[in-house]
Each structure stands twice: as structure tokens, then as C-alpha cells.
Amino acid sequence: MESLLNPFGIWDSIFNSLGTALYTNIYFRFFVIGFFVGLFFLLIYVLKYKHRDSFKKIFIIVVPLFAICLFVVGKLYSRGYRIENIKQQGREIVVCLEQFKKINGHYPEKLSELVPSCVKNENVKNEKVFRYRLDDTFGFILSIKEDFMGSEYLRYDIRYKDFIFVD
């Protein structure tokens, strides 16, 4: 049933991208707020002047719609916050991996070999969330997969020095 509602994880991809943009980009936040405010004023105008509805009927229609929009935008913002938070944890791991390589001349076999003082978050030991392996081409591959991200996960890209979404 879930695959019918979310073919190829497209909704996960849309929600992750919108949530990240909403959390990290203030201009996008203003755009979203302006869009919804404009939409509600347009709805009020159409109901009041084109259909001659009473203020009570307009109130009954507009307030629940506004509440739903606030809920959706809040959920997207929350998802963006969680994604940026986990990216920051991943960046800390990458710094620790680079420090380990400078000291030892090679990357560790497992994340558990990193010095505990370097990695502040206990979540790093959770191999279900942080997946790490050595790679001949890039040195290492670090990916992050949280349940709320759906079918997507984050992978550290050495070229961009940041995490990117991967299906």
C-alpha cells in the first residue's frame, strides 16, 4: 500500500528537499509565508465578493485551511531541522575521520575506532543510522539513514565536502 502512495519514494524526496530549503533558506521561508497569506486573502475575496458568502461561512472555511497549512509547513520545517542536525553530526564524524587519518596515515576500519573525545554524539555508535566503509576511490563512504527520511539517505560527497541526498 505504501508503494502505491509513494512510488519511487518521490514524496520522501519532495518533503526532504522542501524541509531542508525551508529550514536553511530565509528567502524561501518568506516566499512560503507570502504565498499562503496571499492565497488566503484571495480565498477570502472570492468567497466574500464573488459568492456573497457570510463572514461566518468564510471563517469556517478559511481557519481550518490555515491551520492545515501551518501544520504542513511546521512539519516541513521540523524535517529540515532534523536533517540539518544529522548533517552536522555527520560533519563532526568527517572531521574526526580526517584527524584519524592525519595521525595514523589511514582511515579507521570502523567508526568505533574513533577517539571518544572527538565524537561527541553517542548516536555515532548506532550503525543503523551511520553507515561507514572504506573505499579505494574516495577513501571512505559515510552515509546517514534515519527512518523519517523515507527511502532517501545522505551520503558524504568528498567533491562538495558536504552531504547530499541519494535515493
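How many of the residues in the range 114-156 are among the charged types (D, E, K, R) and modelled with pLDDT of 80 or more?
Qualifying residue count, the range 114-156: 5.
Out of the residues in the range 59-87 that are under 13 Å from the mean Cα position of the chain (by Cα) and among the small types (Gly, Ala, Ser), state the one that is farthest from residue 19 (Cα to Cα).
74
Identify, by number, the condition in (1) farther than 16 Å from residue 19 by Cα; (2) surrounded by 17 or more Cβ atoms within 10 Å (Cβ to Cβ); (3) acidic (Asp, Glu) that residue 152 doesn't meet.
Failing condition for residue 152: (1).
Within the range 135-149, work out how many residues are closer than 19 Å to residue 89 by Cβ and either of a type in the set (A, V, I, L, M) or in a loop (DSSP other than H, G, I, E, B) (or both). Working first, answer last.
Keep residues of the range 135-149 that are closer than 19 Å to residue 89 by Cβ, which gives 140-149.
With either of a type in the set (A, V, I, L, M) or in a loop (DSSP other than H, G, I, E, B) (or both) added as a condition, the list becomes 141-142, 144-146, 149.
Qualifying residue count, the range 135-149: 6.
Read through the list (1) closer than 19 Å to residue 152 by Cβ; (2) modelled with pLDDT of 75 or more; (3) surrounded by fewer than 16 Cβ atoms within 10 Å (Cβ to Cβ), then give the number of the only condition that residue 38 fails.
Every listed condition holds for residue 38 apart from (1).
Kindly check whether there is at least one residue in the range 43-54 that is in a helix (DSSP H, G or I) and closer than 25 Å to residue 77 by Cα. Talk me through it step by step, then tell me what you get.
Applying the first criterion (in a helix (DSSP H, G or I)) to the range 43-54 yields 43-50.
Checking which are closer than 25 Å to residue 77 by Cα leaves us with 43.
Yes, there is a match, as at least one residue in the range 43-54 is in a helix (DSSP H, G or I) and closer than 25 Å to residue 77 by Cα.
Can you pull out the residues in the range 48-101 that are closer than 19 Å to residue 14 by Cα and either small (Gly, Ala, Ser) or in contact with a His (Cβ under 7 Å, 6 or more places away or on another chain) (or both)?
Pass one, the range 48-101, residues closer than 19 Å to residue 14 by Cα: 68-87.
Across the range 48-101, the qualifying residues are 74, 78, 80.
The values are calculated or read from the model by the stated rules, or taken from the named source; none is laboratory data. Treat the numbers as computed from the prediction; the structure is a model and nothing was measured. A quick note on method: Cβ atoms are made from the backbone with ideal geometry, for glycine too, and the neighbour counts reach across all protein chains shown.
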